[in-house]
Amino acid sequence: MKTTQKVITIIMTAVVAIFFIAGSASAQQAKPKPWPVPDKDKALKPSVKLTDASVIASGKELWAKHCKSCHGAKGLGDGPKAAGLKTFAGDFSSAAFQAGTDGEILYRTDKGRDEMPAYEKKIPDINDRWALVAYMRTFKK
């Protein structure tokens, strides 16, 4: 009986340690590092109407193909590949993200950084990339 209690104690200690380490890692991962955007890019205006239903639908299709695996279905940074990333994929429903200009979102999508690839060449049509911005705008809480 005492051996069983020791095993249970060791297992419980290990489980608590794993949760503590995982919690610390995701807390660090959730702190985004600054991502400056040049002023000229911040001021860019969309070449499509971001509230147009067909533009949003096009953005949703592109999102499913290029973004959903890391950023998740609703832009919460919880896609199936997100757990394997070194950095948090971002919460696009957050007030901080939604407060960015359309140009900032396009710039970051176009240029990428770290584990996020640049989409300027992967999605060569600027209107398609603006459609992604339109779809990302639907993630408001």
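Quick note: the coordinates plus some simple rules give every number you see, no bench work behind them. What you see is a predicted model, and the numbers here were worked out from it, not measured in a lab. Backbone-built Cβ (ideal geometry, glycine too); neighbour counts: all protein chains shown.
Overview of values
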read-out	value
FRET efficiency, Arg113 to Ala64 (Cβ-Cβ, R0 25 Å, nearest 0.05)	0.65
Rough spin-label spacing in nm, given labels placed 7 Å along Cα→Cβ, for Asp78 and Ala53	2.9
Charge context of Asp78, other residues only, Cβ under 12 angstrom, K/R +1, D/E -1	+2
Rounded if a/c under 1.5, otherwise prolate or oblate - region 96-141, Cα gyration tensor axes	oblate
Net charge of Cβ neighbours under 14 Å - reference Glu120; Lys, Arg +1; Asp, Glu -1	+2
R0 of 41 Å, Cβ-Cβ distance Lys140-Lys86: FRET efficiency to nearest 0.05	0.90
Loop trypsin sites (Lys or Arg not before Pro), region 82-120, which have at most 13 other Cβ atoms in a 10 Å radius of their Cβ (DSSP)	Lys86
For Thr51, net neighbour charge (Lys/Arg +1, Asp/Glu -1) across residues whose Cβ lies under 15 Å away	+3
